[in-house]
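Worksheet: the structure to be examined is printed underneath.
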Amino acid sequence: TASAYVWENCNNMTQIGVVNAPISTNFSSAWKSCSALTSFPADAKLGTEANNVNFTYAWRSSGLTSFPALDLSNATNLQSTWRDCDDMLSFGLVDTSSVTNFSDTWLGCTSLTSFPSVDTSSGLYFYRTWYDLDSITDFPLLNVSAGRTFSEGWRLCAELVNFPAGLFDSWNPASISNNVFDFTWAGCSALSAQSVEN
């Protein structure tokens with residue numbers, strides 16, 4: 001059931017065929033640093049029949065310009081999954097409903113201009129999750145009610161103007177981490193007055 005590191009550093013891979021790995025539980029670093037890979041198959045089956053699936057670093061620093069709306073509903077760990085995919089222009093409505101760890105997930109995806117309303121309701125850790133998404137101007141209303149830390153969560157989102165009202169209205173974590181909001185919006189110099197109020 002393990003798939004970790006299978007294609008890591010596949011610098012010359014430009015495309016991937018059928019990916020059918022429904023019972024695999026570990027995709028850690030699987031396509032990491034595949035710098036020529038610009039897209040991923042929309043019909044891929046990744047851990048769809050498994051539990052507690054790990055996607056840490058799975059597509060980190062790859063050349064993806066888009067990512068499809070895959071079923072990752074059994075994933076629990078997305079730490080650094082798409083980190084430094086700085087060519088990515090669009091990101092699909094991926095099913096992330098079971099994910100607890102969103103740390104560094106989209107850090108450095110500097111070309112994204114919009115972000116989908118992904119399901120973050122199970123998320124506990126949002127450390128640097130959207131750090132340096134510096135082309136995003138509007139952020140959606142997500143459910144982060146279980147979040148324990150948001151340190152540097154939106155740091156350096158330099159073009160972010162509109163931050164939604166109500167994002168923390170139902171915030172009720174079982175516990176919180178020290179410095180839970182340290183530098184959360186540091187460097188977000190374009191935020192509107194209303195967004196700061198929000």
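The values are calculated or read from the model by the stated rules, or taken from the named source; none is laboratory data. Just so you know, these numbers come straight off a predicted model, no measurement behind them. All Cβ positions, even for glycine, are placed from backbone atoms using ideal geometry, and neighbour counts span all protein chains on display. These area figures cover heavy atoms from the full protein model, side chains too; ligands, DNA and RNA do not enter into them. Shrake-Rupley method; radii C 1.70, N 1.55, O 1.52, S 1.80 Å.
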Region 97-107, residues that are crowded, with 22+ Cβ neighbours inside 10 Å and assigned to a loop (DSSP other than H, G, I, E, B): 99, 102, 103, 104, 105, 106, 107
Tally, over region 51-66, of residues that are open to solvent by 10 Å² or more (accessible area, probe 1.4 Å) and either more than 23 Å from residue 111 (Cα to Cα) or not small (Gly, Ala, Ser) (or both): 7
Those residues of region 160-172 which are surrounded by 15 or more Cβ atoms within 10 Å (Cβ to Cβ) and of a type outside the set (A, V, I, L, M, F, W, C), in sequence order: 162
Single condition residue 94 does not satisfy, out of (1) open to solvent by 30 Å² or more (accessible area, probe 1.4 Å); (2) under 24 Å from residue 146 (Cβ atoms); (3) among the β-branched types (Val, Ile, Thr): (1)
Test: residue in region 110-123 that is open to solvent by 20 Å² or more (accessible area, probe 1.4 Å) and either more than 23 Å from residue 185 (Cα to Cα) or in contact (Cβ under 8 Å) with a residue 60 or more places away in the chain (or both): no
Any hit, region 108-125, residues being of a type in the set (Asp, Glu) and within 14 Å of residue 154 (Cβ to Cβ): no
Scope region 50-73; condition in a loop (DSSP other than H, G, I, E, B) and among the aromatic types (Phe, Trp, Tyr); matching residues: 55, 57, 59
Search result, residues across region 189-198 that are assigned to a loop (DSSP other than H, G, I, E, B) and open to solvent by 50 Å² or more (accessible area, probe 1.4 Å): 189, 198
Residue list for region 133-153, restricted to those being of a type outside the set (A, V, I, L, M, F, W, C), at pLDDT 95 or above and open to solvent by 10 Å² or more (accessible area, probe 1.4 Å): 135, 137, 138, 140, 143, 145, 148, 149, 151, 152
Residue that is most open to solvent (accessible area, probe 1.4 Å), among those in region 175-188 that are out of contact with any helix residue (DSSP H, G or I) (no Cβ under 9 Å at 6 or more places or on another chain) and closer than 18 Å to residue 165 by Cα: 181
Verdict on residue 76 being at pLDDT 95 or above, open to solvent by 20 Å² or more (accessible area, probe 1.4 Å) and either touching a strand residue (DSSP E or B) at 6+ places or on another chain (Cβ under 7 Å) or not in a loop (DSSP other than H, G, I, E, B) (or both): yes
